[in-house]
Each structure stands twice: as structure tokens, then as C-alpha cells.
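Contents: one structure, followed by commentary.
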Amino acid sequence: MQPLQIEQEMSMESHAMNHEPPPQQSFREAFRGTFYGILRWPQLDALWEVLRQDAASDWYLYAIGAAPPTTTASAEQLRAFISEIDVLLRKEHAEDYCGIVYTDSFDAPGFVKIFDPHNLGVSCGFSDNPPLPGWILSKLPPVDLKAPFLPGNRRRWWQRLFGD
């Protein structure tokens with residue numbers, strides 16, 4: 001076990017013994033956490049359904065390169081985003097597999113990374129400078145990931161969807 005992991009576990013244990021809630025994970029910690037790839041389109045359909053069922057929860061919708069949102073999306077906005085991003089991904093990632101959506105949990109997601117089909121770089125392999133996702137759905141308030149900009153076509157898509 002690595003030292004940081006031991007410290008985190010000890011910290012969690014001390015909170016449990018004191019009946020304190022564990023410290024909330026930061027957005028950056030969650031962003032760098034463990035994710036599971038959505039490899040097939042039916043898996044993506046299943047994830048979308050889980051998210052639609054959880055749409056009333058507090059979800060932040062973050063288009064990387066735009067200012068991070070400071071308020072959560074309404075259930076209607078989340079459902080509209082899911083519908084629109086699904087169309088975009090299937091149209092622009094014309095493959096028989098998905099492979100560009102990652103979640104921290106299939107059953108109870110709290111963080112979803114969606115990579116832009118036109119900015120994949122080496123998202124599936126190793127890189128010293130991996131691409132950022134195009135969009136993030138998170139239950140944690142996002143922080144600016146310092147993307148250089150939101151490309152014009154994506155900015156127009158986002159503005160059409162949310163008027164931002």
C-alpha cells in the first residue's frame with residue numbers, strides 16, 4: 001500500500017471512530033480518481049438511464065474551456081444535456097464502440113467524463129499530457145481545469161443548449 005493511501009485510510013478510520021463524516025473529496029481528487037470506461041453503446045444507454053433517474057440530484061454540467069458552473073443544473077437541463085450529447089457522440093464518433101465516456105461508478109455515478117470525439121489525442125493510452133475531457137458531469141462543484149478555450153463549434157453547441 002502506498003503512503004498516501006495509508007494516510008487517507010487512517011484519516012477515514014479516525015473520522016469513523018469520532019463519528020465525524022469523512023472529509024469531502026475535492027473536485028481535483030475526484031477528477032484524478034478511478035474511472036471505468038463505457039466501451040459499448042448499450043453500456044452508454046444504461047449509464048444515461050441511471051443519470052436520468054438521478055436527474056433531480058445536484059449535478060454540475062461543465063463544458064471544459066468555459067467557466068466552471070457555480071450552480072447545479074435542473075433535472076430538465078440534465079436530461080436535455082444527456083439527449084443532446086448522446087446524439088453528438090453517436091454522430092461524431094462513428095465507431096461501433098463508444099470508449100470515450102468514463103464514470104466513477106456504473107450503478108451510482110457521481111462523476112462522468114465525456115471526451116470530445118474531435119479532441120481525443122491519446123485518451124486511451126499513456127501520455128505525459130493527456131487531453132482533457134470535453135464535458136464533465138459532477139456532483140462536486142467544479143474548478144477551472146485551465147483548458148485553453150472552448151472551440152467555436154462546441155461553444156455554439158453549448159450556448160444553443162444552455163444559453164450561456
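The values are calculated or read from the model by the stated rules, or taken from the named source; none is laboratory data. These numbers were taken from a predicted model, which means no experiment stands behind them. Cβ coordinates were reconstructed from backbone atoms using ideal geometry, including for glycine residues, and neighbour counts include every protein chain displayed.
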### region 87-107 - residue that is touching a residue at least 12 places away in the same chain (Cβ under 8 Å) and among the small types (Gly, Ala, Ser) and, of those, surrounded by the most Cβ atoms within 10 Å (Cβ to Cβ)
GLY99
### Message
If I filter region 14-35 down to residues being aliphatic (A, V, I, L, M) and surrounded by fewer than 17 Cβ atoms within 10 Å (Cβ to Cβ), which single residue comes out as modelled with the highest pLDDT?
### Response
MET17
### Query
Does GLU84 satisfy the criteria of being without any contact (Cβ under 8 Å) to a residue 24 or more places away in the chain and either not in a strand (DSSP E or B) or not acidic (Asp, Glu) (or both)?
no
#### Entry: Residue list for region 48-73, restricted to those being assigned to a loop (DSSP other than H, G, I, E, B) and under 15 Å from ILE85 (Cβ atoms)
ALA55
## Note on the structure
Exactly one of ASP45, ASP116 is surrounded by 12 or more Cβ atoms within 10 Å (Cβ to Cβ) and assigned to a loop (DSSP other than H, G, I, E, B), and that residue is ASP116
### Message
So in region 48-83, with the set limited to residues that are within 11 Å of PRO142 (Cβ to Cβ), among the small types (Gly, Ala, Ser) and out of contact with any strand residue (DSSP E or B) (no Cβ under 7 Å at 6 or more places or on another chain), which one is surrounded by the most Cβ atoms within 10 Å (Cβ to Cβ)?
### Response
ALA66
### Query
Counting just the residues of region 36-64 that are at pLDDT below 95 and within 13 Å of ILE114 (Cβ to Cβ), which one comes out nearest to the chain's Cα centre (by Cα)?
TYR62
### Query
Does TYR97 meet the test of being hydroxyl-bearing (Ser, Thr, Tyr) and over 13 Å from the mean Cα position of the chain (by Cα)?
yes
